[in-house]
Amino acid sequence: MKWNMGKSIKSLFYVDCPLKPGKHILPVIIVAQFAGTSLWFAGNAIIPQLALQTGLGPEIVGYVLSSVQLGFIMGTLLFALLMVADRYSPSKVFLVCGLLGALCNLGLLLPYLNQWSLLSVRFGTGFFLAGIYPVGMKIAADYYEKGLGRALGYLVGALVFGTAFPYLLGGTPWGQEGRTIVLATSFLAAFGALLIAVFVPNGPFRKPSARLKWKAAPGLFRIKGFRKAAFGYFGHMWELYAFWAFVPVAISFYNQHHAASLSIPLFTGIIIALGGVSCMAGGLLSLRLGSGKVARSALFVSGLCCLLSPWFFVGGPFLFIVAWCLWGMAVTADSPQFSSLVASALPAELKGTGLTLVNSMGFALSIVSIQILSYGQLWVGPRYMFLILALGPIFGLWRMGNGK
């Protein structure tokens with residue numbers, strides 16, 4: 001028998017599932033998504049060590065996360081333009097990006113890390129996260145033609161849990177050293193990538209998507225449903241990542257001014273992780289109330305928390321933590337619902353373009369709000385700096401209006 005080299009290479013990228021999806025498929029995707037996205041805040045969880053090593057001041061919080069966001073934006077745009085997840089097996093794309101993302105994350109352990117190498121390895125991590133988070137959703141869509149909204153709620157929840165993991169680990173005796181957090185998140189990401197590659201072949205509903213139609217992009221905002229959902233999402237993204245990034249700053253400020261001893265990494269992890277629970281709960285509620293109502297309600301509550309944030313620092317430790325936990329749940333509950341609203345407002349041939357455009361613009365906005373808070377902690381202090389985040393929910397609610 002002659003060996004067909006081309007066919008053998010092609011088989012590396014196309015492995016189709018001939019059977020109905022087993023019960024293990026969604027749990028495996030969720031675990032892999034959690035494992036891969038643990039890379040997102042690995043750098044922010046060890047800010048004190050990185051500041052010592054690079055000589056950067058308080059602004060390091062914004063720089064470290066903004067570089068990940070920028071890498072993610074560039075990665076999603078490039079992957080979309082090249083149609084990577086459509087031309088090749090999404091499971092293999094997830095595998096390669098998970099392994100390369102873990103490798104970039106290990107760059108945090110470089111012995112002579114300076115500010116430029118730090119930002120470079122975080123940019124690389126964000127770039128390869130573009131082959132983990134969105135591609136994980138693509139894999140789920142290839143398996144679950146029905147009930148996708150519920151599946152996406154679980155996957156966004158997994159992203160939130162992954163975001164919280166480095167902080168939660170830092171709040172335990174095992175995570176006191178930054179090296180441990182970096183090694184653990186890199187191992188997790190590689191493990192999640194291998195899980196997908198071994199247990200999740202191409203799904204039965206996998207179909208090549210239409211090419212991105214960038215010429216049609218400006219016209220998308222003339223579609224009323226898309227415009228409302230997109231502006232609501234922008235308001236959500238203005239708040240979300242800046243909130244996550246500066247929760248440790250808020251807890252540290254509270255400890256200093258109340259002589260409290262709240263564990264910064266542990267409670268940061270808890271506040272962020274509760275958002276994963278609210279994503280899943282929001283997905284279930286959307287089946288009864290609709291995605292629009294769930295998204296608007298969550299955006300309203302999180303915007304109210306922004307406006308009330310100066311008073312969160314006044315009470316005792318219990319009330320302080322309860323308030324921030326409520327905010328942590330509200331700030332993420334609308335995320336999967338906005339994705340659902342954006343997708344449902346567009347014809348099939350424009351869904352890829354619309355989702356890519358909205359995600360890229362949303363993450364670009366998050367860089368602006370992160371940098372504003374980074375300097376806001378120096379200008380107005382941690383107690384008042386979160387007020388600026390209220391602009392996002394106010395804008396989003398205003399533009400969404402009361403329509404369905």
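The values are calculated or read from the model by the stated rules, or taken from the named source; none is laboratory data. Here the structure is a predicted model, which is why all the values come from computation and not from measurement. Quick reminder, even Gly has a Cβ in these numbers, built from the backbone with ideal geometry, and neighbours come from all protein chains shown.
Brief remarks on what is shown
- So residue 336, is it farther than 22 Å from residue 248 by Cα, exposed (fewer than 14 other Cβ atoms within 10 Å of the Cβ) and not hydrophobic (A, V, I, L, M, F, W, C): no
- Remark: pairs (first residue in the stretch 208-234, farther than 20 Å from residue 84 by Cα and among the hydroxyl-bearing types (Ser, Thr, Tyr); second residue in a helix (DSSP H, G or I) and at pLDDT 75 or above; Cβ separation under 6 Å; 6+ apart in sequence or on different chains) = 233/338; 233/358; 233/362.
- Residues (outside any helix (DSSP H, G or I) and in contact (Cβ under 8 Å) with a residue 40 or more places away in the chain) located in the stretch 57-91: 58, 59, 83, 88, 89
- Yes/no for residue 329 being touching a residue at least 60 places away in the same chain (Cβ under 8 Å), crowded, with 18+ Cβ neighbours inside 10 Å and assigned to a helix (DSSP H, G or I): no
- Selection status of residue 168, surrounded by fewer than 24 Cβ atoms within 10 Å (Cβ to Cβ) and either of a type outside the set (S, T, N, Q) or modelled with pLDDT under 90 (or both): yes
- Contact annotation: residue pairs with Cβ atoms under 7 Å, 6 or more positions apart or on different chains, pairing a residue in the stretch 238-267 that is without any contact (Cβ under 8 Å) to a residue 12 or more places away in the chain with a partner that is assigned to a helix (DSSP H, G or I), are 261/255.
- Test: residue 323 is buried (at least 21 other Cβ atoms within 10 Å of the Cβ), modelled with pLDDT of 90 or more and in a helix (DSSP H, G or I): no
- Near pairs, Cβ below 9 angstrom, 6+ apart or cross-chain, from the stretch 357-380 (closer than 13 Å to residue 72 by Cβ) to any residue that is part of a helix (DSSP H, G or I) and of a type in the set (Asp, Glu): 366/239
- Scanning the stretch 88-119 for residues being modelled with pLDDT under 90 and out of contact with any helix residue (DSSP H, G or I) (no Cβ under 8 Å at 6 or more places or on another chain) gives a total of 2.
- Residue within the stretch 270-280 that is in a helix (DSSP H, G or I), over 18 Å from residue 44 (Cβ atoms) and without any contact (Cβ under 8 Å) to a residue 40 or more places away in the chain present: no
- When the test is whether a residue is crowded, with 20+ Cβ neighbours inside 10 Å, outside the structural domain of residue 355 (by TED's automatic domain parsing), at pLDDT below 90 and not aromatic (Phe, Trp, Tyr), residue 203 passes it.
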